[in-house]
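J.: Below: one structure in structure tokens.
The values are calculated or read from the model by the stated rules, or taken from the named source; none is laboratory data. Only a predicted model underlies this, so the values are computations on that prediction, with no experimental measurement involved. Backbone-built Cβ (ideal geometry, glycine too); neighbour counts: all protein chains shown.
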Amino acid sequence: MICIRPTSPDDAVALKSELLAIWHTTYDSFLGSDRVSKLAAGWHTLDKLTAEAQSEHTCSLVAANNKKIVGHVLMYEADPRTVHLARLYLNHSYHGQGIGKALLNSALRSFPHAQKAYLEVYEPNQRALEFYKRQGFEIVAKTRDAYTDDVLFEYRMEKSLVS
């Protein structure tokens with residue numbers, strides 16, 4: 001049974017490990033294993049994951065199967081009434097079960113005043129791109145990724161949250 005709950009500071013070690021595994025499965029094919037390890041080490045430090053879990057300015061949730069973390073979402077208000085989906089990852093063996101959608105919608109509900117949501121997704125990550133389109137996000141820009149040395153593009157996607 002999958003449970004979506006707020007991330008606890010005590011989750012940091014398990015969350016870091018699961019994010020690294022998910023990143024390798026998702027990004028190794030176009031970033032390479034060494035680069036993925038390096039990027040994940042910088043982005044998913046224990047201090048950062050703990051601070052995100054404790055911050056009143058972020059929504060950090062995990063999806064857990066019993067006690068094992070299998071997914072994670074991080075969202076924050078980037079501008080007034082605009083939320084940034086900074087992270088949404090799910091263990092690949094759980095794809096297609098509605099868990100990613102549940103994580104996304106749970107995070108969005110944490111910002112009831114928000115009028116727009118946005119995210120960035122790598123161009124080669126077609127599975128994620130199609131997922132976000134199904135959730136109502138639209139591509140609004142294509143830019144070169146600032147965190148890679150070679151040419152890699154990402155899409156900025158946005159979704160209106162007002163009816």
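J.: Scan region 33-70 residue by residue and report those that are among the β-branched types (Val, Ile, Thr) and part of a helix (DSSP H, G or I).
T.: Selection gives Val36, Thr50.
J.: Would you check if there is a residue in region 126-135 being buried (at least 19 other Cβ atoms within 10 Å of the Cβ) and either in contact with an Asp or Glu (Cβ under 6 Å, 6 or more places away or on another chain) or of a type in the set (Val, Ile, Thr) (or both)?
T.: No, because not a single residue in region 126-135 is buried (at least 19 other Cβ atoms within 10 Å of the Cβ) and either in contact with an Asp or Glu (Cβ under 6 Å, 6 or more places away or on another chain) or of a type in the set (Val, Ile, Thr) (or both).
J.: Please work out which one of (1) surrounded by fewer than 15 Cβ atoms within 10 Å (Cβ to Cβ); (2) within 20 Å of Arg127 (Cβ to Cβ); (3) in contact with a helix residue (DSSP H, G or I) (Cβ under 6 Å, 6 or more places away or on another chain) is the condition Ala21 fails and give its number.
T.: Ala21 satisfies every listed condition except (3).
J.: Being among the basic types (Lys, Arg) and without any contact (Cβ under 8 Å) to a residue 12 or more places away in the chain is the filter; apply it to region 54-112 and report the residue that is nearest to Val162 (Cα to Cα).
T.: Taking the candidates together, the pick is Arg109.
J.: Next question, about the same structure. Taking the condition more than 17 Å from His92 (Cα to Cα), of a type in the set (Asp, Glu) and part of a helix (DSSP H, G or I), does Asp11 pass?
T.: So Asp11 passes the test.
J.: Which condition number in (1) surrounded by 20 or more Cβ atoms within 10 Å (Cβ to Cβ); (2) in a helix (DSSP H, G or I) is the one that Val121 fails?
T.: Of everything listed in (1) surrounded by 20 or more Cβ atoms within 10 Å (Cβ to Cβ); (2) in a helix (DSSP H, G or I), Val121 misses just condition (2).
J.: Hey, could you check region 140-159 for residues that are surrounded by 14 or more Cβ atoms within 10 Å (Cβ to Cβ) and within 17 Å of the chain's Cα centre (by Cα) and say which is modelled with the lowest pLDDT?
T.: Asp145
J.: Determine which single condition Ile4 fails, assuming it passes every other condition in (1) assigned to a helix (DSSP H, G or I); (2) within 18 Å of Met75 (Cβ to Cβ); (3) not small (Gly, Ala, Ser).
T.: Only one criterion in (1) assigned to a helix (DSSP H, G or I); (2) within 18 Å of Met75 (Cβ to Cβ); (3) not small (Gly, Ala, Ser) is unmet by Ile4, namely (1).
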